[in-house]
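Just so it is clear, none of the values below were taken in a lab; they were calculated from the coordinates. Computed from a predicted structure; not experimentally measured. So basically every Cβ, Gly included, is an ideal-geometry build from the backbone, and we count neighbours across all protein chains shown.
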Amino acid sequence: MRDDFLTADWADHHADFSAGIGQGLATLRSGLGRFWQWDGSTHQLLALVVSFAITALTFNATAA
């Protein structure tokens, strides 16, 4: 009985799930494409790297 319910549930929501995954991958691909075409200056890139490092250190410090 449970298998029938789960199979029916999957069949009903498979299209929405596939569309969501496809949209997420398209967004990721677009973001990476924009990053590789970036023509910003060096100080902007340095600020970006430092901000990611600070965020990573903050998350590690609060998780411990």
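Things to note:
- You can think of it this way: the chain between Leu32 and Asn60 has 7.5 nm of extra reach, that is 0.36 nm per residue less the Cα-Cα gap.
- Simple spin-label estimate for Asp9 and Leu46 in nanometres, 7 Å along Cα-Cβ: 5.3
- Cα gyration tensor shape of the chain, rounded if a/c is under 1.5, else prolate or oblate by comparing a/b with b/c: oblate
- Qualifying chymotrypsin sites (Phe, Trp or Tyr not before Pro) in the chain, where qualification requires a DSSP coil assignment and no more than 13 other C-beta atoms within 10 Å, comprise Trp38.
- Here is how the number arises for the chain: DSSP H runs of 4 or more residues each give -39500 (n - 2.57), the sum is divided by the residue count, and the result at 222 nm is -32000 deg cm²/dmol.
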